[in-house]
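Worksheet: the structure to be examined is printed underneath.
FYI, it's all coordinate maths here, none of it is from the lab. Please read these numbers as outputs of a predicted model, since none were measured by experiment. Here the Cβ is made from the backbone with ideal geometry for all residues, glycine too, and neighbour counts use every protein chain on show.
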Amino acid sequence: MHNGIIENFLDLKKKLEAEGHIFASQTDSEVIPHLIEVGLSKGNDFEEAFRYMARQLKGSQAIVALSQSPERVLCGIRLGYAGGLLIANHKGETILGSALPAMVPLFEQDMSSSHEVVFLESEEMVTVTRSNTIYQNLDGHMLGKEPVSVAVSDLSSDKGNYSHFMLKEIMEQPDVVGATFKEREDFYNKTISLSDFQISDADVLNLTRVILVGCGTSLHAAQVGRNWIEEFAGIPASAESASEFRYNHLTVDSKTLVITIGQSGETADTIAAMEHALSKGARLITICNSEGSQATRIAESTLNMQAGLEIGVASTKTFLASLCTVLILAMYLGQIRGALNSLQMGVLIENLSTLPRILGDLLGDTGKYKDLAQIISGYDDLLFLGRGTHVPIAYEGALKLKEISYIHAEGYAAGEMKHGPIALIDSNMATLALAPKYQLYDKMLSNILEVKARDGMVAAILTEGDVELGSRVDVAAYIPPVPESLLPMVLTIPLQLVAYYVALAKGCDVDKPRNLAKSVTVE
Ligand code: M6R
């Protein structure tokens, strides 16, 4: 088994072919068995031949190979940070997997206990024989690997009464949000305490820059969080795509706090970005939903998302958990730096305390988004428009729709529309506008009218009671009036549900969309 990319496979293949090896495919993976064969031909046993193979490869990957000899030796190795590899023992069997969720069906056969797993780091190898399991490095030196205990209750993969994990996970969001705030907010003293944040107050006061880093949905959470760090902590902040972070020539030093966001903690691009941040001397924390994952092992501190296991490939509850965690962190930094006074802090904390209830009420009536979804499912192209902190929410709405329903959708800053995308607007183009009543409402209204004037179909998410705009758009769904700091979370709910119902209407595989993996462990 091979998960990753062999960067020098063309050179290796050329050399092997020159030596007489015949290849049956175009894949990079095929050089692996050929190299093991070379290792065996040098008189090595299978384990040493496997190690010989691993030493020839460039790039990040995980590899597992089984010998054909009667001893049936199984070897696995992790090279670099793409492709996780972990080892569990279950009823006398040794199981190798790429990530904890892969182990869930196995663990669920024994719900009463926790399970011990061993995570391999880069250049660490496992050898499993009928009688034992040993760990060594690439040079063959023995390693004493400590197992990590994983509570089975944290890994429940039961769909319950829901038809899809995605819907179940959307419905869990009020609880997830509550758990994120619990024990971090002091409602009496109006303060935030983050016991898992290990950077001293003195170092927080010295920070000159915050960079939030993530991929996909986690990048969108970083983009919203960037605003909050600036607004509530008063620190210059930017959000960067993890896949570009290393190449962007950013000024990163010991006064920079890099915050990575990730559901899996195993995304190869994010891990590479973390390594880069450390090499520049940055302070590094991660907001992560997978305890014991690679990201949590690299970061100085981990802020756990408290979202529980997420099975649906489309991230939903971990997006909301990321948003809430980064918001709490922004408030915490603002508290230390004196950027938020106690009155402002009190208002924010009181507002946050209402969020689980508001989300619960919204989710109590999911049917109201079905009309909107029905109309949208008739279009092939969609623009999601928002302004301010809602721009990344528009990106996230578009990502959710395209990944599970395969409809082409783009998120855009509504003010940018007139600089290009407006040329696309006609009766075949649908626009979903985020237009709640808040400070940028009037600007959004003008953008909606620009689309209507060009015959575009406009669906809008509006604040309850906005009859005026409701009558001017083609179809509207409503959210309750909420304070501005809660809008990114509240606006996300309709977008998740619309994506879900559109995918259902189109008969798509909601939980396992084509071409996508839950955890992207290759660069
Ligand atoms: O595990 P991560 O949060 O690091 O994953 C990053 C992206 O691959 C992920 O957010 C992806 O975009 C979502 N599954 C899309 O819903």
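Pairs of Cα atoms nearer than 8 Å and 6+ residues apart set the relative contact order; for the chain it is 13 percent. For V210, the residues whose modelled amide H falls within less than 5 Å of its own, excluding neighbours fewer than 5 places apart on the same chain, are A237, S238, L257.
Across region 188-289, C-alpha contacts under 8 Å between residues 6 or more apart give a mean separation that, scaled by the residue count, equals a relative contact order of 29 percent.
Working ranking of peptides 231-238, 298-305, 139-146 by packing, defined as the average number of other Cβ atoms within 10 Å per residue, highest first, is 298-305, 231-238, 139-146. Please give the helix 317-337 orientation as an angle from the longest Cα principal axis of the chain, in degrees from 0 to 90, rounded to the nearest 10. It works out to around 80 degrees. Compute the Cα gyration tensor for region 1-89, then decide on rounded, prolate or oblate, letting a ≥ b ≥ c be the square roots of its eigenvalues: rounded whenever a/c is under 1.5, prolate when a/b is larger than b/c in the other cases, and oblate in all that remain. Here region 1-89 falls in the oblate category.
Entry note, region 1-101: relative contact order of 25 percent, from Cα contacts under 8 Å with a spacing of 6+ residues. Distance between the C-alpha centres of region 284-327 and region 167-231: 10 Å, rounded to the whole angstrom.
Rounded, prolate or oblate: which fits the chain when a ≥ b ≥ c are the square roots of the eigenvalues of the alpha-carbon gyration tensor, with rounded for a/c under 1.5 and prolate only if a/b beats b/c? It is prolate, given that a/c is not under 1.5 and a/b is the larger ratio.
Note on region 65-104: Kirkwood radius taken over Cα pairs, Stokes-Einstein applied at 37 °C and 0.692 mPa s, translational D equal to 283 µm² s⁻¹. Amide H to amide H, with H built 1.01 Å from N, K58 comes under 5 Å of E7, N8, counting only residues 5 or more places away or on other chains. The C-alpha atoms of region 306-351 occupy a region whose extents along the principal axes are 40, 19, 14 Å, arranged from largest to smallest.
Charging the Cβ of each Asp and Glu at -1 and of each Lys and Arg at +1, and nothing else, the dipole of the chain about its Cα centre rounds to 420 debye. Among rounded, prolate and oblate, which fits region 451-523 when a ≥ b ≥ c are the square roots of the eigenvalues of its C-alpha gyration tensor, a/c under 1.5 means rounded, and a/b larger than b/c means prolate? Cα axes put region 451-523 in the prolate bin.
Quick check: pseudo-label points 7 Å beyond the Cα along Cα→Cβ at R357 and N428, how many nm apart are they? The answer from the label model is 4.9 nm. Ordering 477-488, 214-225 by mean Cβ neighbour count within 10 Å, with the highest value first, yields 214-225, 477-488. Rounded to the nearest Å, what's the spacing between the alpha carbon centres of region 338-413 and region 48-107? Just the number, please. Their Cα centres are 40 Å away from one another.
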